[in-house]
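A.B. asks: One structure coming up, written as structure tokens, with questions to follow.
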């Protein structure tokens with residue numbers, strides 16, 4: 001087991017009520033579960049996202065914490081939050097990382113593997 005490690009899982013969903021396809025606005029919610037899978041209590045300090053639509057337009061998002069929190073996670077504990085993104089195409093991707101600091105002062109990154117944002121195909 002790594003001493004400093006957060007694992008991240010994600011679930012996404014399309015938000016039709018927040019989207020306006022005629023104006024090229026497609027909204028997606030994503031719920032992230034961040035679990036301290038390491039051996040040392042650590043705090044999530046900031047985030048960095050790269051959001052790409054299917055026309056290769058990139059939005060970069062950086063900021064402190066997640067949804068107003070900088071969760072402190074002892075080993076085995078988890079923090080879950082939901083946020084959202086708007087892109088100009090029905091399909092896109094997100095990837096990024098969290099920057100964390102362990103209680104002993106060690107800094108580490110928790111990468112978030114690329115995940116898809118996609119509008120479900122609707123049948124009429």
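Throughout, read-outs are computed from the coordinates displayed, never taken from laboratory work. In this text, all values refer to a predicted model and were calculated from it rather than measured experimentally. Please note: Cβ atoms are built from the backbone with ideal geometry, for glycine as well, and neighbour counts cover all protein chains shown.
A.B. asks: Pick out which of 67, 91, 112 has the largest mean-square fluctuation in a Gaussian network model of the chain, springs linking Cα atoms closer than 10 Å.
C.D. replies: Its mean-square fluctuation being the largest, the pick is 67.
A.B. asks: If you build a Gaussian network model of the chain, linking Cα atoms that sit under 10 Å apart, which residue out of 105, 38, 65 swings the most?
C.D. replies: Greatest mean-square fluctuation among the candidates belongs to 105.
A.B. asks: Using r as the Cβ-Cβ distance of residue 39 and residue 15, and R0 as 30 Å, what FRET efficiency do you calculate, to the nearest 0.05? It would help to have the intermediate numbers written out before the result.
C.D. replies: Values: r = 38 Å, r/R0 = 1.26.
Given R0 = 30 Å and the Cβ-Cβ separation, E is 0.20.
A.B. asks: Output the relative contact order of the chain, whole-number percent, from Cα pairs under 8 angstrom with separation of 6+ residues. Present the calculation step by step, with values, prior to reporting the outcome.
C.D. replies: Numbers: 302 pairs, mean separation 36.5, N = 124.
Value for the chain: 29 percent.
A.B. asks: Can you tell me how segment 1-42 classifies by the Cα gyration tensor, rounded, prolate or oblate, using a/c under 1.5 as the rounded cut?
C.D. replies: Details: a/c = 5.57, a/b = 4.85, b/c = 1.15.
Prolate shape, in that a/c is at least 1.5 and a/b is the bigger ratio.
A.B. asks: Now for a separate question. Given a 10 angstrom Cα cut-off, can you work out which residue in 55, 22, 104 is the most mobile in a GNM of the chain?
C.D. replies: 22
A.B. asks: Please report 94, 119 as a ranked list, fewest other C-beta atoms within 10 angstrom at the top and most at the bottom. Provide the component values of the computation, followed by the final result.
C.D. replies: Details: 94 22, 119 18.
Listing 94, 119 from fewest to most nearby Cβ atoms yields 119, 94.
A.B. asks: Quick one: Debye curve from the alpha-carbon atoms of the chain only, equal weights, vacuum; give me log10 I(q)/I(0) at q = 0.14, 0.23 Å⁻¹ to two decimals.
C.D. replies: -0.62, -1.27
A.B. asks: A further question on this structure: Test of understanding: ordering 49, 84 by Cβ neighbours within 10 Å, fewest first, what list do you get?
C.D. replies: Numbers: 49 18, 84 13.
The fewest-first ordering by Cβ neighbours comes to 84, 49.
A.B. asks: Which of 30, 81 has the fewest other C-beta atoms within 10 Å, and how do the rest follow up to the most?
C.D. replies: With the fewest neighbours first, 30, 81 line up as 81, 30.
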